[in-house]
1. In whole Å and largest first, what semi-axes does the C-alpha gyration tensor of segment B:264-333 yield when each eigenvalue is scaled by 5 and square-rooted?
2. Find which of B:F201, A:T438, B:V303 sits farthest along the positive direction of the dipole of the protein assembly as shown, computed with +1 on the beta-carbon of Lys and Arg, -1 on that of Asp and Glu, about the Cα centre.
3. Once fully extended, how much extra length lies between A:Q264 and A:S173, figured as 0.36 nm per residue of separation less the alpha-carbon to alpha-carbon distance?
4. Counting only the backbone N, which residues of segment A:411-449 are under 14 Å from the spot 7 Å out from the Cα of A:N375 toward its beta-carbon?
5. How compact and how long is segment A:288-397, expressed as Rg and Dmax of its alpha-carbon atoms in Å?
6. Taking the Cβ of each residue in B:R304, B:R282 as the centre, tally the other Cβ atoms inside 10 Å and list the residues starting with the fewest.
7. What is the fewest-to-most order of B:L281, A:L164, B:L164, B:L335 by other Cβ atoms lying within 10 Å of their Cβ?
8. Take A:I104 and B:Q163, extend 7 Å from each Cα along the Cα→Cβ direction, and tell me the distance between the two endpoints in nm.
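Read the figures in this text as sums done on the coordinates, not as results from a lab. Being a predicted model, the structure only gives us computed values, none of them experimental. Cβ placement follows ideal geometry from the backbone for every residue including glycine, while neighbour counts extend to all protein chains displayed.
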Amino acid sequence: MAWFKKAFDWIVQLSEKDLPYRFSLSPEAQATDAPTTLDKTLSKQSSTQPQHNHALPKDPMDQVKYIAKLLHHPRNSDILIEERTAASGQLFHLIYSQIITDLIGIQRYLLEPLSKVSTWCDTAQELATMISCSGIMISEEPDVLADGVVEGKVVVLLGASTALLCPFANYQSRNVGQAINETVVRGPQEGFTENISYNMSILRRTIGCRDLVFDSRTLQDVAETKVSIAFMAHLANPRLIKEIHRRLDHCDHVPIIISGIISQFIEDHPKSLFPTISYTERPDVVARCISSGQVAILVSNQNQVLIMPAPFIFQLSTAEDLYLRSTSANFLRAIRFIAFSIALLAPSIYVGLINFQQEMIPSDLLLAMKAARLNIPFPTLVEVLLLEVSFELIREASIRVPQVIGSTIGIVGALIIGQAAVEANLVSPIVVIIVSVTGLGSFAIPNQEIAFAVRILRFVFLLSSSLFGFLGIAVVFSMTVLHLASIYTVGVPYLTPLSPYRKNEEGFLRRSVLTYESFPLSFRTQKSQAGDSTSGSANS
Amino acid sequence: MIKAGHISGRQATAIMTIILVTKLMNPIATIIIRWGQSAADTLAFLSGLIMLVLVLPILPLVKDTPKTLFGLMREHFGKVLGTVFSIFLLITLSLDTAVVLRADVVQVQLIFAPQTPLPIIESLILLVAVYASYLGLEAIARSNLIAFFLLIVLIITLFIITQLFYANWMNLAPILGPGIPTLLTQGILHAGFYGELLILFNLRIFVRDYKSFKTSVFSSQIISVSVSIIAFSLFQLVFPYPSSGHLFFPFIELAKLIYFGRFIQHIEAAFAITWLIVGLLRITIMVYVLSFMMADICNTQNVRRFIPSIAIFIFYGTLIPPSLVADVDFKDVQLMQYGIFVYGLLPIAIAVVAYLRKRKNNKKSPSTEPQGGPAHVGE
């Protein structure tokens with residue numbers, strides 16, 4: 001193999017000196033490759049000739065060299081070029097990536113049949129009939145052939161004006177796993193992976209309906225990120241689909257890899273603290289959303305699927321809500337609401353009480369609190385801020401450190417906060433309790449992005465409360481509600497179905513499944529606009 | 001025509017209810033107690049009914065062509081007289097907003113921040129109002145719908161708790177208070193307690209359809225009057241007249257009574273914070289509506305440019321009354337008792353002129369426009 005590689009290198013070097021190319025490279029290839037003599041020639045030609053519109057060279061070796069050049073072979077170590085001779089004596093060249101293809105399949109279904117070809121093939125079409133391989137494509141475009149190799153296809157060059165593309169893609173991806181960030185007690189345990197095809201297939205399996213559409217496209221970023229818009233054709237609002245496409249158009253041509261940040265490109269209010277697009281790693285949640293008229297966006301290399309429209313109340317629900325009886329689900333939702341309120345307001349209410357509304361604290365408790373604060377040199381605000389910042393530090397540290405010592409960080413943090421700080425008279429015990437409960441409350445918020453918003457707002461509430469007491473809390477609270485009332489999620493008011501009020505939709509409390517008779521009006525689904533209430537769907 | 005979004009009938013109802021009901025929770029409510037005595041609830045009912053009767057004649061005028069109240073006045077009184085009346089209404093409403101804000105601010109200062117100067121509290125409240133007005137009517141209306149439910153829960157909770165422990169049905173007597181003639185007279189003079197109902201006619205163009213608008217006019221007035229009747233009755237059950245006549249903060253006094261054992265006591269601030277959130281939204285609506293009215297008078301589309309100036313105007317207006325007593329007296333005498341003869345009769349005048357013009361056009365139409373419909377009377 002080594003001698004073949006050396007020989008091929010020598011041929012390529014030779015070709016860079018005097019080979020009369022009559023076609024151009026793609027701009028990407030030019031940009032990423034070192035500026036050689038060949039590049040200069042090619043770039044000179046590319047400025048005068050239209051790109052991506054050139055047939056393969058006539059000479060078989062030229063074909064191989066050109067495709068190899070496009071794929072940066074031999075620097076690109078995973079690209080393999082093989083030469084095979086058929087029974088008829090015809091020479092074939094196979095180009096493929098050995099890390100993303102099924103090598104056994106290539107051997108069994110491509111190389112073995114090729115070696116047995118006993119007739120001379122003048123065209124790729126003739127050859128295609130002799131290979132027992134499905135999904136064969138024929139192309140004459142060098143760029144298409146090179147892209148095919150990157151996509152896991154095997155290019156078969158036979159010296160004709162066209163070449164074969166045989167799909168043998170076998171990308172490495174992790175096995176089907178649990179939804180790590182959205183665990184449930186009841187309900188399916190599987191989660192999405194980074195493989196978009198797998199994610200699509202699992203959705204297809206979950207929703208056995210022919211109206212499920214995967215509207216796929218490739219973005220124009222460097223990574224050529226693939227996205228697939230999943231929706232029910234008979235349900236989803238066509239204007240919503242059109243709008244999503246329009247937004248995806250706008251995030252095309254971004255010179256960075258965007259698979260992780262696509263939601264920030266397409267959401268309504270990227271500068272708002274609150275997320276207007278939800279995400280999940282659970283196929284059952286996506287299936288549920290799609291079947292109630294929402295739209296999901298699957299992104300390659302992302303194990304989280306974006307869901308829109310995603311109103312505020314929707315984002316506070318969990319995957320498990322629908323699997324529980326409505327009473328139990330509502331109990332959990334009430335707990336979550338309390339957790340949300342505590343996470344947002346507890347420290348500021350404490351500061352407001354201590355500094356402004358002391359008469360509201362029962363006398364005994366007030367005396368105890370005052371006694372505890374006697375030796376503390378800081379004002380209440382500093383005391384709370386000190387602990388809050390420490391808590392944030394511990395939280396951040398425990399995420400960043402390796403899992404093995406993660407628990408140690410927790411213990412150290414608890415010791416620092418719970419014991420050392422109190423003993424050093426830096427904070428009073430009641431503040432430790434307040435901050436701990438606040439932390440627990442923020443952990444109980446199901447959506448991480450909303451939890452982030454709450455964490456930031458908590459400091460705003462804290463500062464306003466220290467300045468103006470409950471008045472400050474009321475002012476910031478009003479402004480927050482006004483802000484939430486003013487934003488949209490893909491054109492749907494963020495606070496719906498609370499305001500605008502939709503009495504037939506599920507709001508804060510989960511309804512009994514027996515009442516799921518109509519499609520949500522807020523999402524303007526085709527069914528809800530037509531007033532069809534015969535076929536029900538759950539809107540969680 | 002200025003138009004920046006739509007609001008539903010339910011949202012319009014919430015807006016009006018909040019505007020009318022929040023006054024019950026600040027010192028402005030003492031006006032009704034003062035004149036109605038032990039029959040403050042009856043006086044509230046009469047005032048509400050009279051105000052509804054006063055505005056009803058202009059309801060059909062906004063059926064086919066959604067117009068603002070100012071638009072109607074310009075259409076039927078002519079541009080000059082219509083604008084004069086519009087400016088009068090704008091000034092009256094601005095003063096009313098300033099007076100109510102002063103009452104709110106004093107109450108806020110009393111409960112939350114006794115050492116904070118009034119202008120700072122006012123600035124904070126107006127800051128929220130300006131921010132919200134910049135967000136637009138749709139955001140305000142949605143927030144109001146949430147605040148409306150909050151308000152209803154607050155009122156129900158407060159009254160249930162206080163009535164359970166402190167109500168004395170003997171306090172209701174005498175049921176007719178100062179007597180029927182006095183109640184009727186004061187009912188007319190204090191119809192301005194619900195005078196903000198006219199604001200809803202300025203929001204007509206934002207409401208989706210006439211049916212929703214009509215429903216919101218009736219439902220907001222019915223809810224507001226009902227809540228007033230219940231609130232004054234229950235207040236009377238706990239604080240009998242003349243004790244109630246000496247209380248400047250009836251809502252707070254009621255909330256102060258609530259305690260559960262030794263650990264939950266003095267929770268008036270907890271109730272007051274809910275009222276404050278609703279009260280903030282009330283000021284927000286008023287600032288937006290005033291800016292909108294100003295833009296309407298200036299015949300411009302941009303409401304936003306008037307928001308800061310209106311806020312500053314209200315800020316200074318709020319500082320004018322030397323005391324809370326003077327503030328409440330101004331509201332009672334100048335804005336309610338005198339003002340009702342102008343803004344209370346305006347809708348009737350519009351309706352009369354509209355009727356006369358329609359009649360005149362109908363007479364003219366066979367001879368002047370044999371093949372067409374009635375002449376269009378427009379701006």
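1. On the way: eigenvalues 175, 68, 18 Å².
Three semi-axes, in Å: 30, 18, 9.
2. The Cα lying farthest towards the positive end belongs to B:F201.
3. 30.2 nm
4. Zone members listed by number: A:419-429.
5. 21.2, 60
6. Result, fewest neighbours first: B:R304, B:R282.
7. B:L164, B:L335, A:L164, B:L281
8. It is 7.9 nm.
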